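Since the structure comes first, as structure tokens, the remarks are kept for the end.
No value in this document is a laboratory result; all are computed from the given coordinates. In this text the structure is predicted, and so the values were computed from the model without any measurement. All Cβ positions, even for glycine, are placed from backbone atoms using ideal geometry, and neighbour counts span all protein chains on display.
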Amino acid sequence: MATHLYKPLDPTYLDADDARGERDRTFQICADCRLCVRLCPSFKDLFRMIDAHEGVHPARELTYAEHKVVVDECYQCKLCYVVCPYTPDQEQEWKIDFPRLMMRSLAVQARGGNIGHAARLLARTDLQGQLATIAAPVVNVTGNVRFLRGVMETVTGIAAERRLPRYARERFSRWFTRRGQSEPAAHSPARNPVALFPTCLVEYQEPAIGRAMVEVCEHNGISCELPPGQVCCGMPWLDAGDVDRFADAARRNVVALAPVARAGHPILVPQPTCAYVLKHDYPDALGTDDARLVAEQTRDVAEHLMLEHAREPLADDFTGRTYASITWHAACHYRAQQIGPKSKDLMALTGARVEVVERCSAIDGTWGLRAENVEMARAIAKPLMDAVRGADTDLVAGDCHLANTAIGEETSMVPVHPVQVLARAYGLDET
């Protein structure tokens, strides 16, 4: 009998038969509802395969190969959980959590050796970043050489045709250390200090987002600290089905962040996937009071700035570059946090008219970078790319750097992070 089990600490979490039973139960509920048929290929193929079987409970007739199709096509956008009518807080017979069930099933597959090497390679973000930033110019050039990318695809499984984020010469943490102690602007009222969890994308590839975050915070009286000992949030290890390595990353980050959380300092995260992981996955992975405290104190950067704005209005001395109109991509993991369109509200403070595009980029961590998923990912992302191409606005913005990279690949636009929009408006960041 299935156990509605989504918590990695439970001893039966990796039991293949129990996981199969939970999928049978969930798939039947989903087939009877079908609200999520429009969301992703997992549901479309699930319902097609169920309809090919007969009987009172056709979901139980699916083969393991058919189950694997559903699991492999799930790219963890989390939106099915947001819209699902069967996700109340209280325990009941129909309660389901489809993304966590797929994550559990991926972990079972990984335990059986059924995960591709591309997923495991892409999970080593810190090692890659530490090496790549040392020789960033060479790495960035060779990353665009067609022949070398073809070899890389053969060896690693990372699609040759996907644009990869470029690496920075100077990591964000080195910039932060080099600049000295973070101090708020003297003209702004002092506010509660914050701790930064910059994420591996900002640390190694787009430190300009981190610089803008610090400068906007300081301009509004918020001092910033960067707790030592942080590593990648670990989400790529979940993509690879490795719950043990994910838990290790979570444990290291909680050790680094718990002291500032206990001091009552919010933890600002500039990437939506990482913010979601700290808020929702760390408590389940570790089951500790410190993990729950870190989750409670974690904020998306725009979420925190708008909370501060509600308490005491942010500075409005916009003497720098502003935009009359902006297209904002509301990334899946941003929406999955259910915090509202805080980035839209933040950019609107500068006087911009902000148009929202709520479509998936189909990158979602590392899923869309793998060669076997490229065709499907591009089909899923087509409505987003069409909307961006057709947007009659002065700028494109988005919180997810991987999604922004995909938008740049498909449309030739150069999206920026919403906090960079504010930094430019203050005259702090014209890079």
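Proximity of backbone amide H atoms, modeled 1.01 Å from N, is registered between R370 and A159 at under 5 Å, excluding neighbours fewer than 5 places apart on the same chain. Counting only DSSP H runs of at least 4 residues, each contributing -39500 (n - 2.57), and dividing by the residue count of the chain, the helix-based mean residue ellipticity at 222 nm comes to -14500 deg cm²/dmol.
Kirkwood-type hydrodynamic radius, the range 163-289: 15.3 Å, calculated from all non-identical alpha-carbon pairs. Label the range 16-111 by shape, choosing from rounded, prolate and oblate, from the square roots a ≥ b ≥ c of the eigenvalues of the Cα gyration tensor; if a/c is under 1.5 it is rounded, and otherwise prolate applies when a/b is larger than b/c, oblate when it is not. Rounded. Under a point-charge model restricted to the Cβ atoms of Lys and Arg (+1) and Asp and Glu (-1), what is the dipole moment magnitude of the chain relative to its Cα centre, in debye to the nearest 20? The calculation lands at about 840 debye. Put simply, the amide H of G221, placed in the peptide plane, has neighbours under 5 Å in A185, leaving out anything fewer than 5 places away on its chain. One entry in (1) 22.9, 68; (2) 22.8, 82; (3) 21.6, 72 is Rg and Dmax of the Cα atoms in Å calculated from the shown coordinates; its label is (3).
Here the Karplus curve 6.51 cos²θ - 1.76 cosθ + 1.60, taken at θ = phi - 60°, turns the phi angles of the range 74-81 into couplings of 6, 10, 6, 6, 6, 5, 5, 5 Hz, with x standing for Gly and Pro. The simple spin-label model puts a point 7 Å past each Cα toward its Cβ; for L9 and D394 those points are separated by 5.0 nm. Ranking L305, Y86, T411 by Cα position along the charge dipole of the chain, where only Lys, Arg, Asp and Glu carry charges on their C-beta atoms, puts T411 farthest toward the positive end. Of the residues F318, F98, the one with the fewest other Cβ atoms within 10 Å heads the list, and the complete ranking is F318, F98.
Between V356 and W328, the built amide H atoms are under 5 Å apart, and every one of these is 5 or more places off in sequence or on another chain.
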